[in-house]
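Everything below concerns the one structure shown next.
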Amino acid sequence: METTATLRGVRLSAQKGRLVADQIRGMPVGRALDLLDAMRLDKKTRADVLRFVVLSDVAKPAILEGPDPAILVSAYDAVSSS
C-alpha cells in the first residue's frame, strides 16, 4: 500500500528534504528507519525531522474495501438461523 506524508512548518530547504526523501522512498519501513538513524549521525542531514514524518505516515489507518454484501447477508442468515 502506498501512502503520502507531508511536512510543514519546519526550517528545512526543499532540496535537502527531497534528497533524503528520495533515498528512503519505496523502502520497507524498518529499513527506512534504520537508514534515517544512520543519517542522524551526519550533521548536514535533517533525518531526525524526516524520521517523524515516516512514523506518522505509518500510523495512519487505511480504509480497505469491505466484503461483498451478498457474503455478509448469507453469513448473517447462517448465524441468525441457529
Some residue of the stretch 28-35 being surrounded by 12 or more Cβ atoms within 10 Å (Cβ to Cβ), in a loop (DSSP other than H, G, I, E, B) and modelled with pLDDT of 75 or more: no
Select from the stretch 49-82 the residues that are of a type in the set (S, T, N, Q), modelled with pLDDT of 70 or more and in a loop (DSSP other than H, G, I, E, B) and list them in ascending order. 81
Positions within the stretch 15-27 being part of a helix (DSSP H, G or I) and either of a type outside the set (Val, Ile, Thr) or out of contact with any Ser or Thr (no Cβ under 8 Å at 6 or more places or on another chain) (or both), in sequence order: 15, 16, 17, 18, 19, 21, 22, 23, 24
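The values are calculated or read from the model by the stated rules, or taken from the named source; none is laboratory data. Predicted model, so just to flag it, every value in this text is computed and none were measured. Here Cβ is always computed from backbone atoms with ideal geometry, including for glycine, and neighbour counts include all displayed protein chains.
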